[in-house]
Every structure is written in structure tokens, then in C-alpha cells.
Amino acid sequence: MESENFKLLENTDITTFLIDRPWITYRTNADLDALGSRFGSPNPEGSNRLRRMSSIISATHANDRTASLLSFLFSPAQLRPVINEYLSGSQFSQLKEIDNFILEGLTGDESKDILIVADAIKQRVIREINAILLYSNLKLVSSGNSWEIIAADENVKVLVPIKRINSGYISELLAQGQDDLQDNDFDSVVTKARTLIEEVFLQILSDNDVECKRNGDIGQYRNLVVKALGMRPSREWNPRITKMISHLNGITDLIAEMRNKDGDAHASNERVKIQAAEAELLLNTSVSLATYYLRVNDRHVQR
């Protein structure tokens with residue numbers, strides 16, 4: 001059960017930072033209806049948008065899903081309109097007017113820069129929220145997709161993910177992906193497919209005490225996972241198994257490549273739009289891959 005401190009996020013002084021500019025993507029009442037439906041509050045109550053967002057937070061907290069909601073709001077896919085304006089140099093980008101909004105380390109590689117900007121936005125909003133939580137002697141902290149509200153004077157430690165990726169987690173993501181398919185939101189399906197593979201790889205590396213630089217490089221993660229789990233082909237292997245693993249690596253690379261070029265976190269106008277059949281294939285393939293790697297990891301850990 002998540003901390004009761006998450007109820008403090010229902011404060012409308014805080015919800016404005018979650019649905020309004022300048023940092024976060026602006027959400028209309030229709031957007032809030034969709035957000036509520038996604039997180040178990042299909043008809044959020046309230047006389048205005050801020051109160052309706054408070055209602056959504058209340059419902060997600062009752063279901064221990066506040067961390068999932070926050071991760072969704074601050075995902076590159078959801079921040080795409082704000083990020084695109086900034087990276088395109090638009091005169092309308094409000095990020096440029098924020099004091100101390102310094103984005104260091106932009107690489108010129110759009111797929112990586114999107115992640116850098118998304119993280120900068122997330123940290124800035126957390127700072128604004130903590131200026132309010134300070135009156136309760138608390139602060140909001142986040143690492144990856146983990147979120148906690150802790151004492152203001154408590155040192156931040158590496159957060160352990162609230163949810164481990166397991167069959168239940170994968171089933172939930174699959175259901176969300178199927179909702180995206182019904183909504184014809186194929187870009188989001190591509191993003192979910194790539195994100196699932198990335199998170200599975202990072203969890204496996206953590207389970208096996210393997211350090212790695214979290215730079216979104218799926219190929220790097222995969223190579224480390226293959227080494228950690230002893231999945232490198234050897235002469236003792238059946239040739240058909242060796243061939244299967246080779247194709248498995250190729251599929252993983254293609255999923256990563258499609259996310260970089262075709263996912264909704266990428267702002268390029270040159271990406272190729274995929275259709276429903278291909279999006280569904282991609283979603284199901286990523287689920288199968290994630291399940292396979294998790295099972296190999298379980299077998300390795302139990303030795």
C-alpha cells in the first residue's frame with residue numbers, strides 16, 4: 001500500500017503543475033476524461049479542471065497507482081507537445097522563459113535529447129511541488145518510474161521500484177496497448193513495446209548486480225543481459241537454438257530502432273507511420289520477448 005502522503009497531491013495548488021503550462025502538457029476537460037478512464041476514474045468530479053485532476057489523483061491513490069499516474073504524466077510521450085516546441089526552437093516555447101531551466105548535455109540526437117528534456121521538465125516540476133510540500137515538512141522524490149513522498153530532511157536514497165515487472169505487470173501493459181490499438185494510437189503502442197523491453201533489461205541487470213549507464217541504449221542493455229545470463233551462443237548449443245537467439249537479438253534491435261524512428265516520444269516528421277496490424281504485431285512480440293527474458297532470468301537466479 002502506498003504512502004498516505006500522496007493524498008497531499010490532491011491540493012489544487014499542486015494539480016496545476018500536473019495539467020497546465022508552462023512545463024507540463026496542457027490538459028483539457030476531454031483530456032481529463034480520458035486520463036480518468038485510463039486510471040480508474042472515468043467520470044472525475046469537480047467544478048473545474050484543477051478539482052477534476054484532484055479527483056483523479058484521489059482515485060489512483062485509493063488503488064495504489066499514484067506512482068503509475070505520475071510516471072505516465074511525465075513520460076516523454078505525454079510531454080511531447082512541450083518537448084517538440086522546445087527542440088524545434090519555437091518562439092512559443094515557454095521553457096525558454098523559465099529561470100534556471102538549464103538543459104545540459106543535449107546531444108543533437110533527437111531521440112536522446114527528448115529524454116533529456118523530459119527529465120529536466122520532471123525535475124523542475126518536482127521542485128515547484130516541493131515548495132508547497134515543504135509546509136508539511138515533506139518532499140516528493142523520484143527515480144525512474146519510482147515515486148515517494150518523504151520527510152523534507154531525509155536523505156534521498158536509490159528508490160526500489162514499487163512494482164517489479166512480472167506477468168501481472170506485463171498483462172496490464174498489454175491491456176493498455178490494446179486500448180491504444182482501439183483508439184488507433186499506434187505511436188503509443190510502439191513506445192510501450194520499446195519501453196517494456198528496456199525496463200525488463202534494466203530490472204534483470206539490477207537483479208544480477210550489473211552496473212550500466214542508463215542512456216536508453218537498448219543494444220547496450222541487451223549485450224549486458226546476454227552476458228549476465230550466460231546467453232551467448234557456444235559450440236555446445238543446438239544450432240537451432242543458436243539461430244533462434246540470433247533472431248531474438250535482431251528482433252530486439254528492430255524494436256529499439258522502430259521506437260527511435262516511429263515512437264510517439266520522437267518528434268521527427270520523417271518517421272514511417274505504422275498501421276494497426278503491424279502495431280499489434282509489435283506489441284505482442286515485445287510481450288513475448290519480455291516474458292522470455294524474465295523466465296531466463298528466473299532460471300539463472302535460481303541456480
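The values are calculated or read from the model by the stated rules, or taken from the named source; none is laboratory data. This one's a predicted model, so the numbers in the text were calculated from it and none came from an experiment. Every residue, glycine among them, receives a Cβ derived from its backbone with ideal geometry; neighbour counts consider all protein chains shown. Side chains included, ligands, DNA and RNA excluded: accessible areas come from the protein's heavy atoms. Shrake-Rupley method; radii C 1.70, N 1.55, O 1.52, S 1.80 Å.
If you check Arg21 against the conditions, is it open to solvent by 70 Å² or more (accessible area, probe 1.4 Å), under 22 Å from the mean Cα position of the chain (by Cα) and within 17 Å of Pro81 (Cα to Cα)?
It is true that Arg21 is open to solvent by 70 Å² or more (accessible area, probe 1.4 Å), under 22 Å from the mean Cα position of the chain (by Cα) and within 17 Å of Pro81 (Cα to Cα).
Answer with yes or no whether Arg52 is farther than 23 Å from Gly144 by Cβ and modelled with pLDDT of 85 or more.
Spelling it out, Arg52 is indeed farther than 23 Å from Gly144 by Cβ and modelled with pLDDT of 85 or more.
Can you tell me which of Gly216, Gly250 is out of contact with any His (no Cβ under 8 Å at 6 or more places or on another chain), part of a loop (DSSP other than H, G, I, E, B) and not charged (D, E, K, R)?
Selected residue: Gly216, the only one of Gly216, Gly250 that is out of contact with any His (no Cβ under 8 Å at 6 or more places or on another chain), part of a loop (DSSP other than H, G, I, E, B) and not charged (D, E, K, R).
Looking at region 11-27, can you tell me whether even one residue there is within 23 Å of Ala175 (Cα to Cα) and in contact with a helix residue (DSSP H, G or I) (Cβ under 6 Å, 6 or more places away or on another chain)?
no
I'd like to know if region 204-215 contains one or more residues that are open to solvent by less than 40 Å² (accessible area, probe 1.4 Å) and within 23 Å of Ala279 (Cα to Cα).
There is no residue in region 204-215 that is open to solvent by less than 40 Å² (accessible area, probe 1.4 Å) and within 23 Å of Ala279 (Cα to Cα).
Conditions: (1) surrounded by 14 or more Cβ atoms within 10 Å (Cβ to Cβ); (2) over 19 Å from the mean Cα position of the chain (by Cα); (3) under 27 Å from Leu138 (Cα atoms); (4) without any contact (Cβ under 8 Å) to a residue 40 or more places away in the chain. Asn11 meets all but one. Number of the miss?
Condition (4) is where Asn11 drops out.
Which residues, taken from region 111-154, are more than 15 Å from the chain's Cα centre (by Cα) and at positive phi?
Selection gives Asn137 alone.
Quick check on this structure: which one of Leu181, Leu196, Leu173, Leu205 is part of a helix (DSSP H, G or I) and touching a Phe, Trp or Tyr at 6+ places or on another chain (Cβ under 8 Å)?
After ruling out the rest, the residue left standing is Leu205.
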